[in-house]
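What follows is a set of notes on a single structure, which appears directly below.
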Amino acid sequence: QVQLVESGGGLVQAGGSLRLSCAASRRTGMGWFRQAPGKEREFVAAINWSGSSTNYADSVKGRFTISRDNTKNTAYLQMNSLRPEDTANYYCAAPKVPFLAPLGTNSYDYNYWGQGTQVTVSS
């Protein structure tokens, strides 16, 4: 079992920045997903357990950066140049196999989920 706790969401104007954090109960690869009202959950970014492998959705490449601090078992999602279409509830997730690499881009690749943190980007 892995417990995941997200933080850092909020309200920001278009073009602004936010940094999300996901604290895990143990060292593991982690991914970020988001879900907007009426839409399916979609992959955003992922980072493996060591930080040597990352992947991003095309919609966020060049704007979002995923990183991690292994001393804190915490992953971060730095979100820059935010757009109104980035508005969603953002979820952190971890796979059943903690040292898997590369990490998947589908929800079913992940077994553990945080409670989510809301990000709202105003135009």
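Details
- A simple count of charges around residue 84, restricted to other residues whose Cβ falls under 14 Å of its Cβ and scoring Lys, Arg +1 and Asp, Glu -1, yields +2.
- Whole-number accessible area per residue in Å² for the stretch 66-123, which is evaluated in the context of all protein chains at 1.4 Å: 48
- Protein heavy-atom surface of the chain, 1.4 angstrom probe: 48% of the accessible area is carbon and sulfur, with nucleic acids and ligands not counted.
- Near-label residues of the stretch 11-39 by backbone N, under 19 Å of a point 7 Å along Cα→Cβ of residue 80: 12-21
- Charge sum, other residues only, whose C-beta stays under 15 Å from residue 24's C-beta, Lys/Arg counted +1 and Asp/Glu -1: +3
- When the chain is treated as a GNM with alpha-carbon contacts under 10 Å, the residue of 38, 104, 16 showing the greatest mean-square fluctuation is 38.
- In a simple Cβ point-charge model (Lys, Arg +1; Asp, Glu -1; nothing else charged), the stretch 1-83 has a dipole of about 80 debye relative to its Cα centre.
- 109, 86, 58, reordered so the largest accessible area comes first (probe 1.4 Å): 58, 109, 86
- Accessible heavy-atom area order of 90, 76, highest first, probe of 1.4 Å: 76, 90
- Residue 33 exposes around 0 Å² of accessible area when a 1.4 Å probe is run over every protein chain in place.
- For the stretch 15-22, the Karplus equation 6.51 cos²θ - 1.76 cosθ + 1.60, evaluated at θ = phi - 60°, returns couplings of x, x, 9, 9, 10, 9, 10, 9 Hz by residue, with Gly and Pro reported as x.
- Local charge for residue 112 was computed over the other residues whose Cβ lies under 14 Å away, with Lys and Arg +1 and Asp and Glu -1, and equals +1.
- Using θ = phi - 60° in the Karplus curve 6.51 cos²θ - 1.76 cosθ + 1.60, the 3J(HN,Hα) couplings for the stretch 99-106 round to 9, 5, 7, x, 7, x, 10, 10 Hz; x is entered for Gly and Pro.
The values are calculated or read from the model by the stated rules, or taken from the named source; none is laboratory data. This is a predicted model, so every value here is computed, not measured. Heads up, the Cβs are rebuilt from the backbone with ideal geometry, glycines too, and the neighbour counts pull from every protein chain shown. SASA here: full protein model, heavy atoms, side chains in, ligands and nucleic acids out. Shrake-Rupley method; radii C 1.70, N 1.55, O 1.52, S 1.80 Å.
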